[in-house]
């Protein structure tokens, strides 16, 4: 029995066109980018996902970064917040593992040298000696979910908080189903999945003295962070004074131009890059973190690759 | 060198004024302006002082366009150990010369990050006096443009525009385009052409974005903070992103 044309038309309208409509409206994945200001730097988010999801993803990343800034910026520190206590415990572990080379109590040094509020200045040995009495994580006490600092002590989370922000953002994005992309917060980075060319992400490491790149990392599923003496510094009488202090002496750490650390967690990369920069024996510290590798440029420009090897091409 | 003398010259020389206004100054760029009929006699002395103050990375130079004075400057610098490259991307600075409408007193000054930089040195003081000594006025300005940032970066093909962190547009640098972007605080106008993009107008008060050099190399950015506006030259497939 043949179906009348009118019935065919009705069948099409009722059943097939909604199906076609649904298929056409299925969210299309594409590469999306955003750049915004946070942590006093330009942050980038580059993801492969539907457009509607990207807006939510970007908002979530920005919300997390603002949360981190609110908890850890120099002028706003709530020493009873769970986030702060949690990060303090991680920082204490790095302090112990690095024999004091990583230390969040260098806030008074940062302020003394003028890196918090200008102008930059070189303090006298006497001033440094007085301030060093306020430095040392062993002086912090934890009591009933509160951190207790001695009068005059100040916490500088600059070597670790951004890494925490990157890790939180990465976890949020992955749980939203974004399986390819990177987040770059002014040099602290996490990348996962394949890049638009279906290869590992090509991450250039900026040369510490010249414009251009020192080399290119080829990585995926890991984080990376760089600490360098060219990021914040002033010069006087031909000598460079930068912002990475040796907590033991109160002076800017000597002997290196930059340290890049690569590994599973951005927070660890961030802290280790500072610790290795300060330490005279970086291999000793890195041995305790077997999943992490590093690239060190010393003060002469000589490059050393330590720890777990990651794909790196020198330019 | 005394900046007051430069500004006396500057005010008396309309062409220099419009020349400076047309140059897009931005962070990381520096220029040397020298008014003298014989730049080949004095340029190398000034460059030597700039080297001592670590304002020059490498002893290399190139020329922009061509002028009758190039040959004499070229010979003089080569004799003093400078290296010439035809490709300006490989050099510390690019030289150009221009004739002024009127003759003025010889002078020189250095502009860094948009500000006149006072370099105090005995050699430059003597040079200044030497240039002024015989009272002879000059109608030639020689400009050395130091722009080391770009050397190792490839040229981009696309510019991304972000407002409040969201990408709102993507411009081809090959096509001639003019667009205005509205923000909550006002608007920013962008022009793209000939491989570069620049901010042509902005509602902000300082107009630093308008004075920024046109962006053409991968990763270069022009920011208008009051308008939450960012223009960035997209990177080539050379790298996806960078750290450090």
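Here, each number is a calculation from the coordinates, and none is a lab measurement. A quick note: this is a predicted structure, and the numbers were derived from the prediction, not measured. Because the Cβ atoms are built from the backbone with ideal geometry, glycine has one as well, and the counts that use them run over all protein chains shown.
Distance between the C-alpha centres of the stretch B:181-196 and the stretch A:248-315: 41 Å, rounded to the whole angstrom.
For the segment A:35-44, counting C-beta atoms of other chains within 10 Å of every residue's C-beta and taking the mean gives 3. Considering only Cα atoms, the convex hull volume of the stretch A:35-145 works out to 146 Å³ per residue. Can you work out the FRET efficiency for the pair residue A:28 and residue B:177, with r the C-beta to C-beta distance and R0 = 35 Å, to the nearest 0.05? Once rounded, the FRET efficiency stands at 0.85.
Look at the alpha carbon pairs under 8 Å that are at least 6 residues apart: their mean separation over the length of chain A gives a relative contact order of 16 percent. From the Kirkwood radius over Cα pairs of the stretch A:196-258, Stokes-Einstein at 25 °C and 0.890 mPa s returns a whole-number translational diffusion coefficient of 176 µm²/s.
Placing a label point 7 Å from the Cα of residue B:48 along the Cα-to-Cβ direction, the residues of the stretch B:122-136 whose backbone N falls under 11 Å of that point are B:123-124, B:127.
A straight line joining the Cα centroids of the stretch A:70-117 and the stretch B:204-244 runs 32 Å.
Could you calculate the contour length gain from residue B:125 to residue B:238, that is, 0.36 nm times the residue separation minus the distance between their Cα atoms, to one decimal place in nm?
Length gained, residue B:125 through residue B:238: 36.0 nm.
Pairwise over distinct Cα atoms, reciprocal of the mean inverse distance: report the Kirkwood radius of the stretch A:255-300 in Å, one decimal place. Its Kirkwood hydrodynamic radius stands at 10.4 Å. The three principal axes of the Cα atoms in the stretch A:167-315 give end-to-end lengths of 52, 31, 25 Å, sorted in falling order. Given R0 = 45 Å, the distance between the Cβ atoms of residue A:313 and residue B:189 translates into a calculated FRET efficiency of 0.65. Our analysis of the stretch A:161-208 gives Rg over Rh at 1.00, with the two radii drawn from alpha carbon positions and Rh computed by the Kirkwood formula. Across peptide A:200-209, the mean count of Cβ atoms from other chains lying within 10 Å of each residue's own Cβ comes to 4. Length, then width, then depth: along the principal axes, the Cα atoms of the stretch A:125-221 run 55, 41, 16 Å. In this rough spin-label picture, where each label sits 7 Å from Cα along the Cβ direction, the residue A:69-residue A:283 distance is 4.2 nm.
With both labels modelled 7 Å from their Cα along Cα-to-Cβ, the residue A:198 to residue A:122 distance reads 5.8 nm.
Shown here is the pair-distance distribution of the stretch B:92-236: with all Cα-Cα distances grouped in 10 Å bins from zero up to the longest one, the shares run 10, 30, 26, 18, 13, 3, 0 percent. With R₀ fixed at 25 Å, the C-beta to C-beta distance from residue A:37 to residue A:210 puts the FRET efficiency at about 0.40. Which of the three applies to the stretch A:62-102, rounded, prolate or oblate, going by the alpha-carbon gyration tensor with a ≥ b ≥ c and a/c under 1.5 meaning rounded? Prolate, since a/c reaches 1.5 and a/b exceeds b/c. So what's the gap between the Cα centers of the stretch A:132-166 and the stretch B:45-66, to the nearest angstrom? Computed from Cα coordinates, the inter-centre distance equals 47 Å. The alpha-carbon atoms of the stretch B:195-244 define a convex hull whose volume equals 89 cubic angstrom per residue.
What's the extension gain from residue A:142 to residue A:251 if we count 0.36 nm per residue and subtract their Cα-Cα distance?
So the chain would gain 36.4 nm between residue A:142 and residue A:251.
Extending 7 Å from the Cα toward the beta-carbon at both residue B:133 and residue A:150 defines two label points whose distance is 6.5 nm. In plain terms, if you count all Cα to Cα distances in chain A and split them into 10 Å steps from zero, the share in each step is 6, 24, 30, 21, 8, 4, 3, 3, 1, 0, 0 percent.
With coordinates expressed along the principal axes, the C-alpha atoms belonging to the protein assembly as shown extend over 105, 81, 42 Å, beginning with the largest.
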